[in-house]
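The values are calculated or read from the model by the stated rules, or taken from the named source; none is laboratory data. Keep in mind it's a predicted model, so treat the numbers as computed, not measured. Reconstructed Cβ throughout: ideal geometry from the backbone, glycine too, with neighbour counts over all protein chains shown. Each accessible area value is taken on the protein alone, full model and side chains, heavy atoms only, with ligands, DNA and RNA left out. Shrake-Rupley method; radii C 1.70, N 1.55, O 1.52, S 1.80 Å.
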Amino acid sequence: MEKQLVYKRILLKLSGEALTGPQGFGIDPTRAEDVAQRVKDVRELGIDVAIVIGAGNLWRGRIGIERGMDRATADYMGMLATVMNALALMDAMERIGIYTRVQSAVQMQAVAEPYIRRRAIRHLEKGRVVIFGGGTGNPYFSTDTAAALRAMEIDADVLIKATQVDGVYDSDPLKNPQAVKFERLTYMETINRRLTVMDSTAISLCMDNNLPILVLNLWNPPALKAALYGEPVGTLVTK
């Protein structure tokens with residue numbers, strides 16, 4: 001019997017580090033092309049794909065804050081950096097034939113559409129990938145929260161947090177070989193255990209709106225596609 005897709009529309013949350021190469025900072029075109037190919041594989045299944053990307057490869061606001069920088073200024077700088085990442089990813093995707101639109105919550109009409117919910121949904125319905133830049137447009141909110149918010153607004157079936165590990169562990173598996181992986185978690189378990197899935201604001205938003213969060217390793221080639229068919233991949237956070 002042919003396998004059935006369990007999700008029709010996804011929001012993929014990428015960290016800025018997804019675009020970094022061996023140097024550990026900046027934008028590596030080869031990595032952008034790798035991400036683009038993974039998105040293309042998903043689009044070819046007929047799944048609507050929206051993306052929120054972070055900015056950690058270009059700017060980490062906490063570094064500025066530690067030196068006395070105003071928090072709002074640091075956050076606005078991060079928002080601008082997410083648009084740079086969004087444009088780099090858009091370019092990589094369009095070079096392999098994926099029609100893509102970048103929408104920014106911080107208006108900069110020369111380089112990106114303003115974020116308009118109904119327009120974003122229309123792009124998805126037409127088979128385009130939509131990359132949301134600029135976070136929520138407000139300081140004091142992370143790109144995790146922006147991802148949860150946009151996922152709700154476009155009526156996504158799942159928020160997929162793409163990382164470099166294959167799920168959520170009770171401690172850092174790169175430092176602790178005895179770390180235990182969770183197959184499933186509830187929202188409250190995630191918050192109470194202070195697990196580093198997403199920040200608490202994002203998790204609370206997903207909990208209040210019953211949006212599942214799936215954490216998986218983007219760099220394991222079969223993982224993302226397997227997850228879309230409902231196979232037990234990564235860690236699923238639900239009610």
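In this structure, K8 and R193 have a Cβ-Cβ separation that, at R0 = 35 Å, corresponds to a calculated FRET efficiency of about 0.70. Since only A74, Y7, T196 are under comparison, the one whose Cα sits farthest along the positive direction of the charge dipole of the chain, derived from C-beta charges on Lys, Arg, Asp and Glu, is Y7. In this structure the amide hydrogen of V102, modeled in the peptide plane, comes within under 5 Å of the amide hydrogens of E113, I131, none closer than 5 places in sequence on its chain. Pairs of Lys residues in the chain that lie 8 or more places apart, or on two chains, and have C-alpha atoms under 22 angstrom apart add up to 23.
Solvent exposure of the chain amounts to 50 Å² per residue of accessible area, where only protein heavy atoms count and the probe is 1.4 Å.
One quarter of the surface of the convex hull around the alpha-carbon atoms of region 81-200 equals 9.2 nm², the direction-averaged projected area. The charge dipole of the chain, taken about its Cα centre with unit charges on the Cβ atoms of Lys, Arg (+1), Asp and Glu (-1) only, comes to about 300 debye.
Measuring nothing but protein heavy atoms, the accessible surface of the chain at 1.4 Å probe radius is 50 percent carbon and sulfur. Calculated on C-alpha atoms, the gyration radius of the chain divided by its Kirkwood radius gives an Rg/Rh of 0.94.
Stokes-Einstein, applied to the Kirkwood radius of region 142-239 over Cα pairs at a viscosity of 0.890 mPa s and 25 °C, places its translational diffusion at 181 µm² s⁻¹. Loop-located GluC sites (Glu not before Pro) in region 35-128 (DSSP state not H, G, I, E or B) with no more than 15 neighbouring Cβ atoms inside 10 Å: E44. Once whole DSSP H runs in the chain are found, which of them have Cα atoms spread over 20 Å or more along the helix axis and a mean Kyte-Doolittle score of at least 0.5? Helices meeting the span and hydropathy rule in the chain are 71-94. Put the Cα centre of region 211-236 next to the Cα centre of region 90-111 and the gap is 25 Å. Residues whose amide H comes within less than 5 Å of that of L185, counting only those at least five positions distant or on another chain, are L236, V237, T238 (H built at 1.01 Å from N in the peptide plane). Peptides 49-59, 179-189, 223-233 ranked from most to least packed, by the mean per-residue count of other Cβ atoms within 10 Å: 49-59, 223-233, 179-189. Peptides 23-33, 100-110, 210-220, 74-84 ranked from most to least packed, by the mean per-residue count of other Cβ atoms within 10 Å: 74-84, 210-220, 100-110, 23-33. Close amide H pairs (under 5 Å, H built 1.01 Å from N) link G56 with G16, E17, residues at least 5 positions away or on another chain. Computed over protein heavy atoms with a 1.4 angstrom probe, the accessible surface ordering of R67, R118, R60, largest first, is R67, R118, R60. For region 1-78, the fraction of C-alpha pairs more than 17 angstrom apart is 58%. Here region 68-117 has an Rg and Dmax of 12.9, 45 Å, counting Cα atoms alone.
The charge dipole of region 127-207, taken about its Cα centre with unit charges on the Cβ atoms of Lys, Arg (+1), Asp and Glu (-1) only, comes to about 120 debye.
Using a simple spin-label model with pseudo-atoms 7 Å out from Cα toward Cβ, I96 and T238 lie 3.0 nm apart.
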